[in-house]
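A short worksheet on the structure shown next.
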């Protein structure tokens, strides 16, 4: 028995192709697994917060404490075993300290005593003449 189809399938929208305007079934996609990205600055609250951060195997993480002037470096070995937490303290560096760090003198001026002492060190010392004494 042949059925005559009086309405040919010329529709381009697939939702109308079957069922006369029915909404197609939703296709579910599985979400991509989220990776624990520890790049950039990661803020923690205290040492206990730093110890609770997961670090993937063979990686390091910089953790800044939001409560004190401390930062932490947490790392794990290639098997995923966490290494001891390293704790660092930081403080503001003023201009005088930066001059000392860079090896420049704190002041560009010298006193008269320092200048005279430097000149005295640079002057050639008079040579003592030695007498040639030969024993005959």
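Of all residues in the range 48-65, those that are closer than 16 Å to residue 80 by Cβ have Cβ atoms under 7 Å from Cβ atoms of residues that are exposed (fewer than 14 other Cβ atoms within 10 Å of the Cβ), 6 or more apart or on another chain, in 54/36; 56/36; 57/78; 57/79; 57/80; 58/77; 58/78.
Going residue by residue through the range 60-80, is there one that turns out to be modelled with pLDDT of 70 or more, on the phi < 0 side of the Ramachandran plot, assigned to a loop (DSSP other than H, G, I, E, B) and under 18 Å from the mean Cα position of the chain (by Cα)?
The answer is yes, given that some residue of the range 60-80 is modelled with pLDDT of 70 or more, on the phi < 0 side of the Ramachandran plot, assigned to a loop (DSSP other than H, G, I, E, B) and under 18 Å from the mean Cα position of the chain (by Cα).
Looking across the range 94-136, just one residue is in a loop (DSSP other than H, G, I, E, B), at pLDDT 70 or above and surrounded by 10 or more Cβ atoms within 10 Å (Cβ to Cβ), and that is 110. Filtered by the rule that a residue be out of contact with any helix residue (DSSP H, G or I) (no Cβ under 9 Å at 6 or more places or on another chain) and within 15 Å of residue 39 (Cβ to Cβ), the range 74-94 gives a lone residue, 75. Of the residues making up the range 64-79, those that are within 20 Å of residue 92 (Cβ to Cβ) and surrounded by 14 or more Cβ atoms within 10 Å (Cβ to Cβ) are 64, 65, 70, 71, 72.
The values are calculated or read from the model by the stated rules, or taken from the named source; none is laboratory data. What you see is a predicted model; the values in this text were computed from it and never measured. Glycine also receives a Cβ, built like all others from the backbone with ideal geometry; neighbour counts cover every protein chain displayed.
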